[in-house]
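The values are calculated or read from the model by the stated rules, or taken from the named source; none is laboratory data. Source: prediction; values computed, not measured. Neighbour counts run over all protein chains shown; Cβ positions are idealised from the backbone, glycine included.
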Amino acid sequence: MLIGLLFAILAGILVGLQNIFNTRVNDHAGTWSTTALVLGLGFLASMTLGVVFEGTELFVLKNMETWFWFSGLIGVGVVVCLVQGTRLLGPTFAISIVLTSQLGSALMWDSLGLFGLEKIPFTSQQLIGVLVIIGGVIVFKFGGSRAEQRKVTKVVKHTLKQSASVER
Amino acid sequence: MKGIVFAFLAGAFITLQGVANARISQNIGSWQAATITQLTGFIAAVLIVVIVKDQKWKQFKKVRPIYLTGGSFAAVVIYGNIYGIHSIGVTLTIAVILISQLAITFLIDGKGWFGVLKKEMKVPQFIGIAMMIAGVVILKF
């Protein structure tokens, strides 16, 4: 269990770094070129690490099912929805909803136990845990931004007053 | 409203991606799952680049080389995600990834690393992270 936790922590750190790096690429190259680059490099890195840890076993694909070949398309869906959501709502609001929906659907998958995953029965304790995390996300994302807005309005008001008095 | 639907679907897809990878890895292995899903995603993205006649990849040379390498992190991200889902479940894995992701972003923002516009660390963000960790503790113990 501890290794699982450590892997999740490491994954989160790398996702955070990756987001920052990818945004830099995105600033210059736009959504689709960036997505292609990111997935291409991810593919090469996975193949390399796979060969390092498993040798040529990596290329032995027994028990392959047809839909496995199409699961990569989910990633394209993620990019489209993220870009559109952020464009329409702005990053703070959009990301808060994304994170909430991620957690909500995770809880759903655990309680359904489909796809051969171990079923983790839904309990009120789990629901409370997820709600507290979502509350934390909202405080994290929206906290402080209002204070900033107030500061901005103050500055704007101040400048308006000044310019008004100059006009007078 | 349309924006909310898109954002909601994005989150659902991210989780679905993890679940699908975890399922695929049961049949063919974790590195294999990471390799195949990203290969097919890459092919789809290249097709889109070609179809929309996107020429912007020519701008890659304007980006600092280190930022171009971000995609390669996904190998470890996907492996960690699969390992987590199998050993601690979907909810806990996603929650821990979120917290560590927000915490590192918060740290980078606060320090102004990687050319990020330096933002002052504020109390609400600490409270937010504390609440998220409390939520994980409630979830698990």
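Determine if segment A:29-37 includes at least one residue that is in a helix (DSSP H, G or I), facing chain B (nearest Cβ under 7 Å) and under 15 Å from B:P65 (Cβ atoms).
yes
Scan segment A:63-99 residue by residue and report those that are more than 7 Å from chain B (Cβ to nearest Cβ) and either over 17 Å from B:S25 (Cα atoms) or modelled with pLDDT under 90 (or both).
A:V79, A:V80, A:V83, A:T86, A:R87, A:G90, A:P91, A:T92, A:F93, A:I95, A:S96
Just the residues that are buried (at least 21 other Cβ atoms within 10 Å of the Cβ) and either within 16 Å of A:G75 (Cβ to Cβ) or touching a residue at least 40 places away in the same chain (Cβ under 8 Å) (or both), please, taken from segment B:21-39.
B:N21, B:A22, B:I24, B:S25, B:S30, B:W31, B:A33, B:A34, B:T35, B:I36, B:T37, B:Q38
Under 7 Å between Cβ atoms, which residue pairs at least 6 apart in sequence (or on different chains) link something in segment A:23-46 that is within 20 Å of A:T86 (Cα to Cα) with a partner that is in a helix (DSSP H, G or I) and among the hydroxyl-bearing types (S, T, Y)?
Cβ pairs passing all conditions: A:R24/B:Y67; A:V25/A:T34; A:V25/B:Y67; A:N26/A:T34.
Tell me yes or no: at least one residue of segment A:122-136 is at pLDDT 80 or above, in a loop (DSSP other than H, G, I, E, B) and within 8 Å of another protein chain (Cβ to nearest Cβ).
Scanning segment A:122-136, I find no residue that is at pLDDT 80 or above, in a loop (DSSP other than H, G, I, E, B) and within 8 Å of another protein chain (Cβ to nearest Cβ), so the answer is no.
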